[in-house]
1. Around Thr197, which amide H atoms from residues at least 5 apart in sequence, or from another chain, sit under 5 Å from its own amide H, with H modelled in the peptide plane?
2. Can you tell me the relative contact order of the chain? Whole percent, Cα pairs under 8 Å, sequence separation 6 or more.
3. For the chain, what D do you get in µm² per second when you plug the Kirkwood radius from alpha-carbon pairs into Stokes-Einstein at 25 °C and 0.890 mPa s?
4. So what are the ³J(HN,Hα) numbers for the range 80-96, from phi and the Karplus equation (6.51, -1.76, 1.60; θ = phi - 60°), rounded to whole Hz, Gly and Pro as x?
5. Could I have the simple spin-label model distance between Gln90 and Asp129, label points 7 Å from Cα toward Cβ, reported in nm to one decimal?
6. If amide H atoms are built 1.01 Å from N in the plane of the peptide, which residues on other chains or at least 5 residues away come under 5 Å of the amide H of Val146?
7. Quick one: dipole size for the chain, taken about the Cα centre, charges +1 on Lys/Arg Cβ and -1 on Asp/Glu Cβ, in debye to the nearest 20.
8. Tell me, for the chain, which Cys residues have no other cysteine's C-beta sitting closer than 4.7 Å.
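Laboratory data are not the source of any read-out in this text; all were calculated from the coordinates shown. This structure is a prediction, so every number in the text was calculated from the model and none was measured. Glycine gets a Cβ as well: all are built from the backbone with ideal geometry, and neighbour counts include every protein chain shown.
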Amino acid sequence: MALEALIFDVDGTLANTERDGHLVAFNLAFKELGLDWVWSNELYHELLNVTGGQLRIKYYLSKYNTSFHHDDLDNFVASIHKLKTSIYVQLMDEGAVPLRPGVERLFNEARAAGLRLAIATTTTPANVDALIANTLGKEALDWFEVIGAGDVVPKLKPAGDIYTYVLDKMNLDADKCLAFEDSQNGIISATQAGLKTLITVNEYTNTHEFKDACVVLNNLGEPTKAFEVIEGHATEAKFVDVAYLQELHAQHC
Ligand code: XBP
Ligand code: MG
């Protein structure tokens, strides 16, 4: 079965948007609304176990700020999240977060090799557009055949719904694809949709469980700076290119 398509997670995989984008935007939104909530990097690490910004805020209130009450919590949280999204987009417009090593290079090589590209993420669609447009240029949004984002499906990751949605839209079988993820919730989601997955960890996810991964790397690597294999088969490859992806795809993982 030949490799035909690559499906990418966004947050933590394409860029370190959680630490340098979302966390900053949540705290700025709280401040702007006069709330005395401050999420530290350590607390955010724990809160990331819950995917989806609105659910994350509710989780925070239920576990770390139990004295806070609001008569219309759903709408209140939605309004905080709306402000947080606009702040996040502004941060991206200011170029706050670069892509991780090897991401732009791999997009270009994959496109040149005729691989189909797509995105499957839990984050709000506007956030994806802002990151892509500000790092690769607006026209790069067209590189992705499908951008599956946010609550286009009822169940967020770790449910497999977003990957299944993307595969359906592409009219593609899971065994012709590879997924790119950074987290345990992400790999559970991709695996549930039947996908083989390559993991690049980051500071929030380097202790996660990735038993179903084809390989766990520190990042995608560049010709000038090789990746490190954290878990998986030894390889001659020094950075992730199309030939290495074909090698991984042929493995039983
Ligand atoms: C991403 C998320 C999102 C972002 C914040 O997970 O869980 O909630 O943290 O974005 P994944 P929103 O990388 O697994 O897709 O505030 O827009 O939800
Ligand atoms: Mg992620």
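1. HN-HN under 5 Å from Thr197: Ala179, Cys214.
2. Details: 419 pairs, mean separation 55.4, N = 253.
Computed over the chain, the figure is 22 percent.
3. Details: Rh = 18.6 Å.
The calculation lands on 132 µm²/s.
4. So the J values, rounded to whole Hz, are 4, 5, 5, 5, 4, 5, 5, 5, 4, 4, 4, 4, 5, 4, 7, x, 5.
5. Once both label points are built, they end up 1.8 nm from each other.
6. Sorted by chain and number, the residues that satisfy this are Ile119.
7. On the way: 20 positive and 36 negative charges, 24 e Å.
Using only the charged Cβ atoms, the result is roughly 120 debye.
8. Among the cysteines of the chain, those whose Cβ sits 4.7 Å or more from every other are Cys177.
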